[in-house]
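The values are calculated or read from the model by the stated rules, or taken from the named source; none is laboratory data. Bear in mind that the values here come from a model prediction, so they are computed numbers and not experimental data. With ideal geometry, Cβ positions are generated from the backbone for all residues, glycine too; neighbour counts draw on all protein chains shown. Surface accessibility is based on the protein's heavy atoms, side chains included, excluding ligands, DNA and RNA. Shrake-Rupley method; radii C 1.70, N 1.55, O 1.52, S 1.80 Å.
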Amino acid sequence: MQRVAQACGAVELEALRAQAAADPGAAWVLPQALALWRLERPAELLVLLEEAPIDLHQDPQYWLLRGMASRRIGDSAVALAAYRQALALAPERCDLHYNLANLQHSSNPAAAQHHYIRSLSLDPWQGPCWHNLGLLLHQQDCPQQTLAALRTSLLLNPTYPDAWCNLGLAYMALEAHAQAERCFAQAIALDPSQSASHTNMGTLLVARLQPEQALAYLERGVELDRNSAHALFNLGLCQLLLGRFDTGWAYYEARLRTHLVPPECVPTAGPRLTDLAQAPKLGEPPLVVWAEQGLGDAIQFCRYLALLDAVGVAYVFQAP
């Protein structure tokens, strides 16, 4: 289906280019730009807009497309300037506020929230906008507002699997496990190929100390997205709970690519692991004991270093 859509989009683009060749000027630039956006060719889109007549600079759609394409290629600064230029021309367009909010979702949550709310005040029937606002509120630890936003998103589009999955996460944060399980199950039913829903269902079952039931969900989550650190880490926890230590500890290494080891918990003292491996003067590299979790864990478990002293094991203890 996607190949068919791409082929139809390419035919549409060629037809628009033929029209533009026969009738030069600004009239066919934005239709071509939109076709390029649908074909996922943002670099070509930007070249087209940069070469467009200056008259188009008074059209907010020009700046919207320029912002979308710039964001897609990773140029957030240019995208931000473009969206702001579009809003200066058309401050009452809900889609401009929505796109600006999406751009600022991580970098400026307060601004993103303002623009999501402004967009919804102009058009409250936007399911994706309610969904993204819910994600932002979840990140800000506002559970009841999160639930309200995500439920509204699902009222507007009850077949959106991402919204069901994220509603499940919101319930899980409140330890409402039965509701969370129903949400994850609904997300999986709507899209069985979605890795996150399988992984979150498995994570929920691990939290409920049901590793046997969790295993199939987590293995499926990893199968669908082998680069997901969240899926790999939770599969590791599940394997460890089942006593499968060889595979469990191997998957557990993925924790270092998750938010579970925040920057402030990374040790700042002692030699780096690469230094130990590459320094022949040390002879046999010592055991490295790394306090990567919170301060309470470090204080609780560092008493086991005395066991290494007792048996004469050389070690380096790294801690913040």
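Residues that are out of contact with any strand residue (DSSP E or B) (no Cβ under 8 Å at 6 or more places or on another chain), in a loop (DSSP other than H, G, I, E, B) and modelled with pLDDT of 70 or more do occur in the range 275-292, at least one of them.
Scan the range 213-230 for residues that are modelled with pLDDT under 95 and either of a type in the set (Phe, Trp, Tyr) or within 21 Å of GLU175 (Cα to Cα) (or both) and the total you get is 1. Can you pull out the residues in the range 58-88 that are among the basic types (Lys, Arg) and surrounded by 20 or more Cβ atoms within 10 Å (Cβ to Cβ)? ARG66 - this is the single residue of the range 58-88 that is among the basic types (Lys, Arg) and surrounded by 20 or more Cβ atoms within 10 Å (Cβ to Cβ).
PRO91 passes every criterion in (1) touching a Ser or Thr at 6+ places or on another chain (Cβ under 8 Å); (2) surrounded by fewer than 23 Cβ atoms within 10 Å (Cβ to Cβ); (3) closer than 21 Å to GLN61 by Cα apart from (1). Just the residues that are surrounded by fewer than 21 Cβ atoms within 10 Å (Cβ to Cβ) and either charged (D, E, K, R) or under 17 Å from the mean Cα position of the chain (by Cα) (or both), please, taken from the range 231-247. Scanning the range 231-247 gives ARG244, ASP246. Mind checking whether some residue in the range 137-158 is open to solvent by less than 70 Å² (accessible area, probe 1.4 Å) and closer than 25 Å to SER70 by Cα? Taking every residue of the range 137-158 in turn, none turns out to be open to solvent by less than 70 Å² (accessible area, probe 1.4 Å) and closer than 25 Å to SER70 by Cα. Total residues in the range 152-173 satisfying the condition of being over 21 Å from the mean Cα position of the chain (by Cα) and closer than 22 Å to GLN213 by Cβ: the figure is 0. Would you be able to say whether some residue in the range 102-121 is β-branched (Val, Ile, Thr), under 22 Å from LEU136 (Cα atoms) and surrounded by fewer than 20 Cβ atoms within 10 Å (Cβ to Cβ)? So far as the range 102-121 goes, yes, one or more of its residues are β-branched (Val, Ile, Thr), under 22 Å from LEU136 (Cα atoms) and surrounded by fewer than 20 Cβ atoms within 10 Å (Cβ to Cβ). Inspect all residues belonging to the range 165-183 and state whether any of them is open to solvent by 70 Å² or more (accessible area, probe 1.4 Å), under 21 Å from HIS115 (Cβ atoms) and not charged (D, E, K, R). Among the residues of the range 165-183, not one is open to solvent by 70 Å² or more (accessible area, probe 1.4 Å), under 21 Å from HIS115 (Cβ atoms) and not charged (D, E, K, R), which makes the answer no.
For the range 189-202, the criterion of being open to solvent by 20 Å² or more (accessible area, probe 1.4 Å) and free of Cβ contacts under 8 Å to residues at least 24 places away in the same chain is satisfied by at least one residue.
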